[in-house]
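What follows is a single structure, written as structure tokens, with notes after it.
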There are 2 protein chains.
Amino acid sequence: MANVNAAIRPRRLSSTLLLGLVPVAAAWFIVRPLIDPVPPLPALYTSIGFSIFALIATLYLVPALGPTFIKARLSGRDLLKIYPDPIPESLGLVCASIYILTLILFIPFAFSDALTLKSDTTPEGITVSEFPHQKLSVYLSSLLSLLISTMLGFLDDVFDIRWRHKLPIPIIASIPLLIVYFAERGNTNVVVPLPLRFLLGSLVNLGPLYYIYMSLLSTFTTNSINILAGINGSEVSQAVIIAVSVILNDLLYLPWPIDFRIPVHLLGSKTEVEFGGVWSAGMAYGSKELVERHLFSLYFMLPLLAVCVGFMYHNWYPARAFPGDTLCYVTGMAFSVVGIQAHFSKTLLLFFIPQIFNFVLSCPQLFGVVPCPRHRVPRFEADTNLLHPSKTLFLKPPSRLATFILRVLYTLRLIDITTHPETGMILESTNLTILNFFLVRLGPMREKQLVQVLICAQVAGSVLAFVVRYGLAGLVYDGDRR
Amino acid sequence: MANVNAAIRPRRLSSTLLLGLVPVAAAWFIVRPLIDPVPPLPALYTSIGFSIFALIATLYLVPALGPTFIKARLSGRDLLKIYPDPIPESLGLVCASIYILTLILFIPFAFSDALTLKSDTTPEGITVSEFPHQKLSVYLSSLLSLLISTMLGFLDDVFDIRWRHKLPIPIIASIPLLIVYFAERGNTNVVVPLPLRFLLGSLVNLGPLYYIYMSLLSTFTTNSINILAGINGSEVSQAVIIAVSVILNDLLYLPWPIDFRIPVHLLGSKTEVEFGGVWSAGMAYGSKELVERHLFSLYFMLPLLAVCVGFMYHNWYPARAFPGDTLCYVTGMAFSVVGIQAHFSKTLLLFFIPQIFNFVLSCPQLFGVVPCPRHRVPRFEADTNLLHPSKTLFLKPPSRLATFILRVLYTLRLIDITTHPETGMILESTNLTILNFFLVRLGPMREKQLVQVLICAQVAGSVLAFVVRYGLAGLVYDGDRR
């Protein structure tokens, strides 16, 4: 390994910068909340501090453990490169382990309000313990689900499970979440949109359907990130931008010491959003419950963002490490966990607009209407170093349904097709993925450009999501929705 | 694989018998508790029902998944056999997965008392929710620890971690247990033995030392099973007998409908143990708290016993499947979990007498005083099909400390040594393990006999444990200890 290819040599880390971060993280974010006067939301400071440690750990451990993964034959060559060197695979396991360990170590801080409160005895002599056991159960069941998805993701990497068998994996991982939700008789009511209220009333109890909805949500968030993969940085960049979007959304509900307004009337909403004062945050409208839910979400999203950013540094083009399915599973499950536990699953889905687009576009291939090759990643042309859309060939004429779908997609300019000059029969079509769609519309490009385009699309999707959530949603839901 | 060696062909399963068990498990143990009149302890019936399903699942899945493990290169040849065929390794992962899934699905039943109770509203208008959130947190943190040890055990199998690096693994796995114990301000007092009370009082608060004790307990239970390994069935048979011992101990604390006495005065105790009446079990002395703790222990031990028995069927000499480190980690952690959460860690340690013996005997090799070869399993002689004690050779003369230790062990007849006929210097010694000790004392034997000897020793250890716990302990602790 002495004369290793420069393109796969681990990226350098600035030790000074990183070690400089340690005292900052420790001093400001971990020690600060313990010193009087205690800031409002002390656990949030701690969470930021832990996240910085998680970032540093990921930055160091991913390259340090790479050779161990290669030795355990968890490696693969990068199909879109000219060099054949093995790149360590499944490094998402390292990210997931750091993430989960951070969340476990954070437990005493998340419940620190409780630790400082002593048991109160009421005048009637009844001892009331203030410890939020119920919140702790919710937190622990979320951790269990994350751990199971990590485990199953890694098993998928080791045993290379076929994709049809993989689909239910997130359902298994979501069992602890659902079981604890059930055991605690969680709320299964949903708010009905205004236009349907004359029919259904303002609340509908979905009952068992709610559990099916929750497990499908985790299936979607997990697999939709997993199928939008194949180029350096694609999985982790999606996770980073969705995590940032969720964090921004959570921040809207926190009590801010500053006072400002967001002019949402410009987006078509009837209400203004105003910030200011402890426990009277803009969107929380003074509800301590809502603030706590979004704090819960932040506790899970901040370290996730940290490990993803740390991993992205090594996974960026040209990649020094691959995430494996593990990273997709754990990030997808983390998004589901916060969407379900903090009750903003509809908002969460809005942050998945590019994934929904990719999933809908992929459906004809996923469900076998159009033939699906084993890999649908763009095709690499070594001479020009450019990516071209990959194609599926029709060895036998496509069915009438397939022909109809492909023609519609072609008319919408989502794919490119080649037809027989005489019969008009479709001979080949580009594969139905968002990455190929970008290449069809924007022309061949380098791998790094393609992942940048994907990132732009993801950011645009999130901006659209905020517009829909805080602008247009006012048209179908009333103000105090949760 | 058509003409496979008969010795490694999967053992046959009687489908009739096993499928016959399904309706029994379902009807009697799962449906029965739901029918009026509800039996006392309905969840215990359910736990037995789930355990039967876990047993069936293990019996079927271990051979079914064997080829997948071999394909993923998780296999090894059996060093104590003449045939070189690969045997699937790490099948403990299958056991652990079934075990943990069973425990997760059991959650609503474990807390079923709570599900049937409605929230009560006191006359003062305060709503008191009866849901045992605190018990659920304890259950979930135990599951997290089990899942982490499964995960780390499997990583150990995949990455083949060196033993010095493995030692702290159980400490990592016990973090959720400790953190939740801490967050809930768990009791860190211990009862002082009678002879020391004049010094320390009757209760001592160990504080942080208690947490160190808990993490060392999990390190011990995990690693002590792991180092007593190497012959077919050795790991799993230890787990089976310890699990049975814990279950028997738990049963002593349950409310039995029958009334009987155990003549513990014959063992030297001053008190009699009497059984009978709901919530007035023998050793529980009417304490609902104690009954619930031992129920908790049963919920974790019954499915563990089931998967271990199922796996033992395939791991018995000649083994069709190897447990890998995964099984040792998950079983060791399960014992720690019940010992800690149900507060009988001292009693638990008594069930580890053979492991303690093996550990103490091994210390000179573990800590490098006596040279330690990579494998210390007995040596197989293919001609006679017998196992002989394996030996460590002294390439350079042993240190004075090593010579002293070896001479003492030899005098105690725990090992065999070969000395130079003239100088008296030690040239070689049998390896310091309980398996080699059996071979030194009882002579060379077949592998199956050796594991039977180990099982007998384990059973004898448990009998001794019960004598000490319920006989002699009365001399150093008073009656109402918990």
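General observations
- Among the residues of the range B:129-147, those that are at the interface with chain A (Cβ under 10 Å from one of its Cβ atoms) and farther than 14 Å from A:S141 by Cα comprise B:S129, B:F131, B:P132.
- Matching residues, the range A:101-112, being in contact (Cβ under 8 Å) with a residue 60 or more places away in the chain and aliphatic (A, V, I, L, M): A:L103, A:A110
- Test: B:P39 is touching a Pro at 6+ places or on another chain (Cβ under 7 Å), at negative phi and either polar (S, T, N, Q) or without any contact (Cβ under 8 Å) to a residue 12 or more places away in the chain (or both): yes
- Screening the range B:148-161 for residues that are free of Cβ contacts under 8 Å to residues at least 60 places away in the same chain and surrounded by fewer than 24 Cβ atoms within 10 Å (Cβ to Cβ) and picking the one that is nearest to the other protein chains (Cβ to nearest Cβ) gives B:F159.
- Residue in the range A:203-218 that is among the aromatic types (F, W, Y) and within 14 Å of chain B (Cβ to nearest Cβ) present: yes
- Test: residue in the range A:193-202 that is touching a Phe, Trp or Tyr at 6+ places or on another chain (Cβ under 7 Å) and either over 30 Å from A:E89 (Cα atoms) or open to solvent by 20 Å² or more (accessible area, probe 1.4 Å) (or both): yes
- So B:V307, is it touching a Cys at 6+ places or on another chain (Cβ under 6 Å), crowded, with 24+ Cβ neighbours inside 10 Å and part of a helix (DSSP H, G or I): yes
- Top-ranked residue of the range A:72-103 - restricted to ones that are buried (at least 22 other Cβ atoms within 10 Å of the Cβ) and facing chain B (nearest Cβ under 9 Å), ranked as nearest to B:L74 (Cα to Cα): A:L74
- Whichever residue in the range B:375-398 is open to solvent by less than 60 Å² (accessible area, probe 1.4 Å) and more than 18 Å from B:N232 (Cβ to Cβ) and, among such residues, is nearest to the chain's Cα centre (by Cα): B:T392
- Restricting attention to the range B:162-186 and to residues that are surrounded by fewer than 15 Cβ atoms within 10 Å (Cβ to Cβ) and within 14 Å of chain A (Cβ to nearest Cβ), the residue that is farthest from B:K135 (Cα to Cα) turns out to be B:R162.
- Restricted to helices (runs of 4 or more DSSP H) entirely inside the range A:408-482, those with at least 3 residues that are open to solvent by 50 Å² or more (accessible area, probe 1.4 Å) are A:447-467.
Condition check ((1) closer than 30 Å to A:R185 by Cβ; (2) assigned to a loop (DSSP other than H, G, I, E, B)) across all residues:
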site	(1), (2)
A:F335	yes, no
A:H343	yes, yes
A:T347	yes, no
A:V360	no, no
A:P373	no, yes
A:R376	no, yes
A:P397	no, yes
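- In the set A:Y317, A:Y329, only one residue is open to solvent by 10 Å² or more (accessible area, probe 1.4 Å) and either under 27 Å from A:A457 (Cα atoms) or modelled with pLDDT of 95 or more (or both); that residue is A:Y317.
- The set of residues from the range A:70-84 being free of Cβ contacts under 8 Å to residues at least 40 places away in the same chain and outside any strand (DSSP E or B) comprises A:I70, A:K71, A:A72, A:R73, A:P84.
- Candidates B:S336, B:S362 - the one that is closer than 29 Å to B:L61 by Cα and surrounded by 20 or more Cβ atoms within 10 Å (Cβ to Cβ): B:S336
- Residue check for A:A54: outside any loop (DSSP other than H, G, I, E, B) and either among the basic types (K, R) or surrounded by fewer than 18 Cβ atoms within 10 Å (Cβ to Cβ) (or both): no
- Within this structure, B:A64 fails the test of being outside any loop (DSSP other than H, G, I, E, B), farther than 25 Å from B:P318 by Cα and within 14 Å of another protein chain (Cβ to nearest Cβ).
The values are calculated or read from the model by the stated rules, or taken from the named source; none is laboratory data. All values reported here derive from a predicted model rather than from experimental measurement. Ideal geometry is used to build each Cβ from the backbone, glycine not excepted, and the neighbour counts take in all protein chains shown. Only protein heavy atoms, including side chains, enter the accessible area calculation; ligands, DNA and RNA are left aside. Shrake-Rupley method; radii C 1.70, N 1.55, O 1.52, S 1.80 Å.
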